[in-house]
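Computed from the coordinates by the stated procedures, all read-outs in this text should not be read as laboratory data. Since we're looking at a predicted model, the values are computed, not measured. Please note: Cβ atoms are built from the backbone with ideal geometry, for glycine as well, and neighbour counts cover all protein chains shown.
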Amino acid sequence: MPIRLRHNLGAAYSPLYFLAALGLGGLAVSFFMWLMFWVPHPGKPVPTFEDIAAVLQAGEPAPVAMVIGAMLGIAVFAVLHVRVLLWNLAEYAGFKRTPAYPALRDGNNETQLLAAPLTVAMAINVGFILGLVFVPGLWSVVEYLFPMAIVAFAAVGVWAVSIMADFWGRVLTRGGFDCTQNNSFAQLLPAFSLAMIGVGLAAPVAMSATPWIAAVGYGLSTLFIVAAVLIGTVKLVLGLRAMMEHGVNAESAPTLWIVVPILTVISIALMRQNHGLHVHFGGHAEAAETLRTLTTFLAAQLLFLGFGWIVLRRHGYFRRFVSGRELSPGAYALVCPGVALSVMLHFYLNKGLVGVGAVAPGDVAYWLISALAVAVQVITIRLVVTLNAKYLGRPATGGGEAEPGGERQPSA
């Protein structure tokens, strides 16, 4: 899947191109779900190189094929993720030297800048997965890595909060937020960024064997998850009001699905926290409660997917901005919901239905639901290939469209 990246976009660059790297990182994570739930890893919360090697050494054709496919998927999409992330960082540095940058920071679209810490937080997650899958003996030193991970995620969190502080400080002291241009869920991008940081901070809660590391991770992850929920709720209401009055902005229509990845990330964070509370602090999360939480979140995701599909279809979004000639880098916001739904289906099946005994591993229902998760993953990969060919392999402007770096409604 080669990508012919363009360079020196200048004012034509948009921070929303970080979402291209974000989606690639998410696809790497989606392949890790195969290993997470189909490779035995006794005594550890996640599979490691040694567990994967044991499956390969056993030599059974189906498990071996699955493991090889997962490892190839992780490796390919991780490499692409890093490449597009580095490209974004370079183009973003050039974009900051153009007049389009201060214009962006003086309007609603300033929240687009949160796409950068969101993607860097994903990069840390991808790095950890690469270590688990490809580095022998990593688990023997993992307790030294968890404090480093907390520091890294906390640093990204400070970066994200500083961007939000500039935005809120400007809007709440000077005003100027254009509610008539808020007719989408684009303003939920900060909530997505905070939630991604929160789920990263929750990883040591579930995986560390050291109580103080789990406690620190629990406190910090709770801070970011609560902030994501509060900010997301406020922006959800404001966005829905503007949409009811002005209709949904056509280019920003994919943001109607941004709630899907936010809910997946929050659900994983809560499961990680509950596991850590059980292991270290005497908390007891029942399997039925996990199923209830996952069912509620999945139901909400399906409702938002249906709601968004109605609007996207009526705007002819896929015909215009995916397969057609019109350009909007916010089209990459379509990738994360596909990744998130695939990941959520894996967790719903393995931590929810299997956890309460409603479905047994290996039976027909189990593989049907697993096949559905893989089908969503494959559709998302096809979408990424299409978007990369259109947006990263050709000029960023054309077809009468506004330049991505111009003042336009964010497409989170």
Between Gly217, Gly357, Gly239, find the one with the highest GNM mean-square fluctuation for the chain; connect C-alpha pairs within less than 10 Å.
Gly357
What's the percent breakdown of Cα-Cα distances in segment 123-216 across 5 Å bins, shortest bin first?
3, 11, 18, 18, 14, 10, 8, 7, 5, 3, 1, 0
Find the all-direction average of the projected area of the Cα convex hull for segment 213-305, expressing the result in square nanometres with one decimal place.
6.8 nm²
Got the relative contact order for segment 10-392 handy, in percent, Cα pairs under 8 Å and 6 or more residues apart?
18 percent
At 1.567 mPa s and 4 °C, Stokes D of the chain from Kirkwood alpha-carbon radius, µm² per second:
60 µm²/s
Reachable lysines from Lys44, criterion Cα separation under 30 angstrom, eight or more residues apart if same chain
Lys351
Could you list the residues of segment 1-40 with an amide nitrogen less than 14 Å from a label point located 7 Å from the Cα of Ala75 in the Cα-to-C-beta direction?
1
Can you pull the Kirkwood radius for segment 4-61, inverse mean 1/r over Cα pairs, to one decimal in Å?
14.5 Å
Could you grab the relative contact order for segment 245-360? Cα pairs under 8 Å, six or more apart, rounded to a whole percent.
44 percent
If the elastic network links every pair of Cα atoms under 10 Å, which of Leu16, Leu130, Leu27 fluctuates the most in the Gaussian network model of the chain?
Leu130
Show which lysines lie in cross-link reach of Lys390 when reach means a straight Cα distance below 27 angstrom and same-chain residues fewer than eight apart are skipped.
Lys96
Given a 10 angstrom Cα cut-off, can you work out which residue in Ala331, Ala90, Ala373 is the most mobile in a GNM of the chain?
Ala90
Are there DSSP H segments in the chain that both extend 20 Å or more along their axis (alpha-carbon positions) and score a mean Kyte-Doolittle hydropathy of at least 0.0? List them, or say none.
18-38, 61-95, 115-134, 142-174, 189-207, 211-246, 259-281, 287-315, 364-387
